[in-house]
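A.B. asks: Can you read through this structure? Questions will come right after.
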Amino acid sequence: MSDEPATTPDPAPSPLAGNGGGEPGVPAAPPPEPTGDPRVDEVLARLGELPGRPVAEHVEIFADVHQRLQDLLAGAEGPSAEAGPPVPPPRPAFPDALRPRA
């Protein structure tokens, strides 16, 4: 044994650290997938502001995105031509052939 203090090697930098000035150890998220609705895509693009901001500021961005998406839903007037094919009505629980006869 030696009287010299034991030295530990410097830890390797975390692959999540140093992401451009944001919170240390937090990776940048990939951009959201396009939804097909340009209004929704525009709102979701605001999530791209998260990297580089302190986590304490994320709440404001999430709240804004949430409110704007709720506003879009509230303003929807039914299916549009851009929304795709209409959803078929639900099937009855019992098809006519299986309904009890009275």
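A.B. asks: At 7 Å along Cα-to-Cβ for each site, give me the label-to-label distance between residue 70 and residue 49 in nm.
C.D. replies: In this crude spin-label approximation the distance works out to 1.8 nm.
A.B. asks: Taking square-rooted eigenvalues a ≥ b ≥ c of the alpha carbon gyration tensor, is segment 26-73 rounded, prolate or oblate, where a/c under 1.5 means rounded and, failing that, a/b exceeding b/c means prolate?
C.D. replies: Values: a/c = 3.38, a/b = 1.42, b/c = 2.38.
Oblate.
Read-outs throughout are calculated quantities, based only on the coordinates presented, and are distinct from any laboratory measurement. Predicted, not measured: the structure shown is a model, and the values here were computed from it. Cβ atoms come from the backbone with ideal geometry, glycine included; neighbour counts cover every protein chain shown.
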